[in-house]
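**Q** Submitted below is the structure of interest, expressed as structure tokens.
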Amino acid sequence: MAEKKVILDHINDEGEQTLEVYQGHGGYKALEKAIKQMTPAQILEEVKISNLRGRGGAGFPAGVKWGFIKREALGPKYLICNADEGEPGTFKDRRVMTVKPHIVIEGIIIAAYCMGLDAGYIYIRGEFFEPYQAMDKAIDEAYAKGYLGKNILGSGFNFDLYTYLGAGAYICGDETALMNSLEGKRGMPRLKPPFPAQFGLYGKPTTVHNVETFSAVPSIIANGGKWYSDLGTSKSGGTKLFGISGHVERPGVYELNLGTPWKEFFEDIAGGVRGGKKLKAVIPGGSSTPVLLPHELEGMLLDYESIASRGSMLGTGAVIVFDETTDMVKVAWRAMKFYAHESCGQCTPCREGCDWFYDIFNRIYKGEGREEDLDKIENLSKFIGPNTICAFGDAFVTPALAFIRKFRSDFLEYIKKGKYGLKSGETSHA
Amino acid sequence: MDNMTNRTNEKTKTMNFSFNESSMNEFRRWEKKFPEDPAGRRSLVIPALWISQWQHGYISRDVINYVAEITQTEPLHVWGVATFYTLFKKEKTGKFLLQFCTNITCSLMGGDQVFVNTCKKLGVKAGETTRDGMFTAVEVECLGACGESPTLQVNEKYYTHMTDDEVEKLVADLRKMA
Ligand SMILES: Cc1cc2nc3c(=O)[nH]c(=O)nc-3n(C[C@H](O)[C@H](O)[C@H](O)COP(=O)(O)O)c2cc1C
Ligand code: FES
């Protein structure tokens, strides 16, 4: 197996971000087909058959999600494209939006047509100013062509699409925090249920997907749900974008059939560990997914089930590679520093918990760790995840546990030696 | 009631910020994106803060009051929002805001050290601005460009594969540009 470019097809071609070039490669044909030749029910059926699962991290089946929306319900219904891409290690959505914005838009319009939605927002993280401009330009082009706005392609279907610019908050990647942010509030997650399909943006039915999920839709309509499903495994349909970074020979974004063997991706496609060094560990799906050791990667396939069977998650497909020289205590410390900074502060176990976790990792890293510290983390971890509104609690607890369990001796050595992890001059990290 | 009147008076008295023409045009463009009701109006808080920051450089008290007025919300609400989001600057920074990613991948690739070294060369601590008002250096979380790490964002623009030398060149170029 090699790379399989469905979303990334033509991504390096000159001008691919323009409607003209995108269309020259068959772009917007799927939209024409969906609107002119298919009923919403037929579109939904193809998406169900495709086995497409949400690419934002949790992997919920897209067809099921679309089925939650009651087409005939009165009042406005909304669509949100989640382009907050804040999970450390993840850099796929930014690439798609910058170089192939029309595939995102085409997927969005098809989804909106299928569910009978009235307006959509692409929520782009504030740092992504360049992708934001690229999306705005592409949206203008799509309006000019009659793909957006009133009476799209003469179908009587109206749909408006807008960009929105976040302002720096990882938590706004959570779909309910995102909706609060879009409503002009602090980005704090909402209690579920009610789910967005019933009570979403402005309290109206809303469908939220990641950029990559929408980008998969045109190929499903163009080639059929079965074609897409067959690219992957029986449970994980289609292709997935993987962003690999760190100590790897050829970092970057790659598109692979789900179920591609890890070994093939890592060694043949990405070139293995940089500089011929030995592998120490891998984070498979963004910093919220537990770290895996080399022996756990043996025989692993890149799909939801295989990675889960090893106690981690496919997550966003953000693979971070650590070679033998890596100080894993420092990695864990840096990860916890991130979470301590990003908790929205709404739930006490999370707000206090992530600070407490960071305190402990920080003192260990600075050579002031105590013998009971690792047990303390184990104990604390039981009280956080189940007692919070959103998944942020789990997002730092599960990786923290994986770090201290799998690299126990490294942590103990730090604690025993009381060695100063910080080199002189690095005081700004204190 | 008395309190309210007092506050409103104070508000108008201290209102030293308002959109210039191009900011107002930008704001009008954003207005079209949301429903024409109070909830839709409130959705303009974050866009209005952005537009204010692009014009004024940071979010001052006057900006808060002005944004509250044009979005028909309370200053306290706007303040709560402005302080929640890290990209809204509560004080002036240098002309160029150097935002160094030091998250996992960028640190693996040496970005944390580049940050520390740059601070030293500029003679500032994290978050401080150089005396000439040109550069502020800060440490930020993952910028979503890990494949080309270490990553540096200067104002809106990304710079990738940053080394000490690259940053030094960039800083010199920016100085010339200014
Ligand atoms: C703390 C947190 C951060 C998240 N960040 C993102 C994100 O940056 N992008 C994203 O698409 N989904 C993110 N999610 C998941 C969203 O809540 C939501 O499940 C997703 O956008 C749905 O899209 P999908 O069906 O395409 O996966 C995050 C969830 C949590 C709890
Ligand atoms: S870790 Fe620096 S850009 Fe992602």
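**Q** Once each part is reduced to its C-alpha centroid, what is the distance from the stretch B:28-43 to the stretch A:371-394 in angstrom?
**A** Between the Cα centres of the stretch B:28-43 and the stretch A:371-394 lies a distance of 40 Å.
**Q** Turning to a different aspect of this structure: With just the Cα atoms defining each centre, how far is the stretch A:194-247 from the stretch A:1-73? Give it in Å.
**A** 8
**Q** Residues in the stretch B:149-178, backbone N under 11 Å from the label point at B:Arg131 (7 Å along the Cα-to-beta-carbon vector): list them, ranges by number please.
**A** Inside the label zone: nothing.
**Q** Over all residues in B:77-87, what is the mean tally of Cβ atoms on other chains that come within 10 Å of each residue's Cβ? Working shown, then result.
**A** Numbers: counts 3, 1, 0, 2, 6, 2, 1, 12, 9, 8, 8.
Rounded to a whole number, the mean comes out at 5.
**Q** Taking H placed 1.01 Å from N in the peptide plane, check which residues at least 5 places from B:Val140 or on another chain put their amide H under 5 Å from its amide H.
**A** B:Phe100, B:Cys101, B:Thr102
**Q** Amide H neighbours of A:Gly272 under 5 Å, counting only residues 5+ apart in sequence or on other chains, H built in-plane at 1.01 Å?
**A** Close amide H contacts, sequence-distant or interchain: A:Glu249, A:Arg250, A:Glu267.
**Q** Just the number: Rg to Rh for the stretch B:96-177, Cα atoms, Kirkwood Rh, two decimals. Before the final figure, lay out each step's value.
**A** Working: Rg = 11.4 Å, Rh = 12.3 Å.
Looking at the stretch B:96-177, the ratio lands at 0.93.
**Q** Find the sum over both chains of the accessible area lost when B and A are paired, probe 1.4 Å, and report it in Å² to the nearest 100.
**A** Numbers: alone 11050 and 17900 Å², together 24610 Å².
Summing both sides, the interface buries roughly 4300 Å².
**Q** Here's something else I'd like to know. In whole Hz, with x marking every Gly and Pro, tabulate ³J(HN,Hα) for the stretch A:347-354 from phi via Karplus 6.51 cos²θ - 1.76 cosθ + 1.60, θ = phi - 60°.
**A** 9, 4, x, 6, 4, 6, x, 6
**Q** Same structure again: Provide the per-residue ³J(HN,Hα) series for the stretch A:155-166, in order, calculated from phi with Karplus coefficients 6.51, -1.76, 1.60 and θ = phi - 60°, each as a whole number of Hz, with x at glycine and proline positions.
**A** 8, x, 8, 10, 7, 10, 10, 9, 8, 9, 10, x
**Q** Calculate, in nm to one decimal, what B:Asn117 and B:Arg29 gain on full extension: separation in residues at 0.36 nm each, minus their alpha carbon distance. Intermediate results must be reported in sequence, preceding the final value.
**A** Numbers: separation 88, 0.36 × 88 = 31.68 nm, distance 4.22 nm.
That works out to 27.5 nm of additional length.
**Q** Find the relative contact order for chain B and round it to a whole percent, using C-alpha pairs within less than 8 Å whose residues are 6+ positions apart.
**A** Working: 235 pairs, mean separation 29.0, N = 178.
RCO, chain B: 16 percent.
**Q** Which one of B:Val67, B:Pro47, B:Tyr159 is farthest out on the positive end of the charge dipole of chain B, using unit charges on Cβ (Lys, Arg +1; Asp, Glu -1) and the Cα centre as origin?
**A** Final value for the positive-end residue is B:Val67.
**Q** Please turn the phi angles of the stretch A:368-377 into ³J(HN,Hα) values with the Karplus equation 6.51 cos²θ - 1.76 cosθ + 1.60 (θ = phi - 60°), one per residue in order, whole Hz, x for glycine and proline.
**A** Once θ is set to phi - 60°, the couplings for the stretch A:368-377 become 10, x, 10, 4, 7, 4, 5, 5, 4, 5 Hz.
**Q** If you filter the stretch A:18-114 for chymotrypsin sites (Phe, Trp or Tyr not before Pro), then keep DSSP loop positions with at most 15 other Cβ within 10 Å, what is left? Intermediate values should be presented prior to the final figure.
**A** Details: sites: A:Tyr22, A:Tyr28, A:Trp66, A:Phe68, A:Tyr78, A:Phe91, A:Tyr113; in loops: A:Tyr28, A:Phe68, A:Phe91.
Those satisfying the criteria are A:Phe68.
**Q** Also, quick follow-up: Magnitude of the Cβ-charge dipole of the stretch A:305-406, K/R +1 and D/E -1, about the Cα centre, nearest 20 debye?
**A** Working: 12 positive and 15 negative charges, 20 e Å.
Rounded to the nearest 20 debye, it is 100 debye.
**Q** Turning to a different aspect of this structure: If you take the beta carbon distance between A:Ala73 and A:Glu267 as r and set R0 to 51 Å, what does 1/(1 + (r/R0)^6) give as a FRET efficiency, to the nearest 0.05?
**A** Numbers: r = 51 Å, r/R0 = 0.99.
About 0.50, to the nearest 0.05.
**Q** Dipole magnitude of the stretch A:19-230 about its Cα centre, charges +1 at Lys/Arg Cβ and -1 at Asp/Glu Cβ only, in debye to the nearest 20? Could the numbers behind the result be given before it?
**A** Working: 24 positive and 22 negative charges, 95 e Å.
The dipole of the stretch A:19-230 has a size of about 460 debye.
**Q** Which entries of A:Lys65/B:Lys32; A:Lys36/A:Lys145; A:Lys330/A:Lys366; A:Lys185/B:Lys89 have Cα-Cα distances beyond 20 Å here? Please report the intermediate quantities before stating the final value.
**A** On the way: A:Lys65/B:Lys32 29 Å; A:Lys36/A:Lys145 16 Å; A:Lys330/A:Lys366 10 Å; A:Lys185/B:Lys89 17 Å.
The pairs that break the limit, which is 20 Å between Cα atoms, are A:Lys65/B:Lys32.
**Q** How large is the helix-only mean residue ellipticity at 222 nm for the protein assembly as shown, computed as the sum of -39500 (n - 2.57) over DSSP H runs with n ≥ 4, divided by its residue count, in deg cm²/dmol to the nearest 500?
**A** Details: 26 runs with 267 residues, N = 608.
Per the formula, -13000 deg cm²/dmol.
**Q** Just counting partner chain Cβ atoms within 10 Å, what average do the residues of peptide B:110-122 show around their Cβ?
**A** Working: counts 0, 0, 5, 3, 0, 3, 6, 1, 0, 2, 2, 0, 0.
The mean count of partner-chain Cβ atoms within 10 Å per residue comes to 2.
**Q** Once you've got the Cα coordinates, tell me which of A:Lys280/A:Lys416; A:Lys278/B:Lys157; A:Lys278/A:Lys417 are over 28 Å apart. Walk me through the intermediate numbers first.
**A** Details: A:Lys280/A:Lys416 22 Å; A:Lys278/B:Lys157 35 Å; A:Lys278/A:Lys417 25 Å.
Beyond 28 Å: A:Lys278/B:Lys157.
**Q** If each of A:His341 and B:Glu156 carries a label point 7 Å out from its Cα toward its Cβ, how far apart are those two points in nm?
**A** 2.3
**Q** How compact is the protein assembly as shown by the rule of thumb for globular proteins, expressed as Cα Rg over 2.2 N^0.38 Å?
**A** On the way: Rg = 24.1 Å, N = 608, 2.2 N^0.38 = 25.1 Å.
Compared with the compact-globule rule of thumb, the protein assembly as shown sits at 0.96.
**Q** Got a number for carbon plus sulfur as a percent of the protein assembly as shown's accessible area, 1.4 Å probe?
**A** Working: 12570 of 24610 Å².
Carbon and sulfur: 51 percent of the exposed surface of the protein assembly as shown.
**Q** Sticking with this one: What distance in nm separates the two pseudo spin-label positions at B:Lys92 and A:Asp118, each 7 Å out from Cα along the beta-carbon direction?
**A** Placing both labels 7 Å along Cα→Cβ, they lie 4.6 nm apart.
**Q** Just flag the GluC sites (Glu not before Pro) in the stretch A:31-126 sitting in loop per DSSP whose Cβ has no more than 12 other Cβ atoms within 10 Å.
**A** Working: sites: A:Glu32, A:Glu45, A:Glu46, A:Glu72, A:Glu85, A:Glu106; in loops: A:Glu72, A:Glu85.
Those that pass, being in a loop and sparsely packed, are A:Glu72.
**Q** Using a Cα-Cα cut-off of under 12 Å, which aspartates and glutamates could be cross-linked to A:Lys29, ignoring same-chain neighbours fewer than 8 residues away?
**A** Counting by Cα, and skipping residues close in sequence, A:Lys29 has these aspartates and glutamates nearby: A:Glu106.
**Q** Compute the FRET efficiency between A:Asn223 and A:Asp355 as 1/(1 + (r/R0)^6), taking r as their Cβ-Cβ distance and R0 = 51 Å, and round to the nearest 0.05.
**A** Once the sixth-power term is evaluated, E becomes 0.55.
**Q** What distance in nm separates the two pseudo spin-label positions at A:Ala391 and A:Lys235, each 7 Å out from Cα along the beta-carbon direction?
**A** Once both label points are built, they end up 1.6 nm from each other.
**Q** Helix A:101-115 versus the longest principal axis of chain A: what angle, 0 to 90°, nearest 10, using Cα atoms?
**A** It is inclined by approximately 70 degrees.
The values are calculated or read from the model by the stated rules, or taken from the named source; none is laboratory data. The structure displayed is predicted, hence computed values, not measured ones. Backbone-built Cβ (ideal geometry, glycine too); neighbour counts: all protein chains shown. In case anyone asks, the SASA skips ligands and DNA or RNA and just uses the protein heavy atoms, side chains included. Shrake-Rupley method; radii C 1.70, N 1.55, O 1.52, S 1.80 Å.
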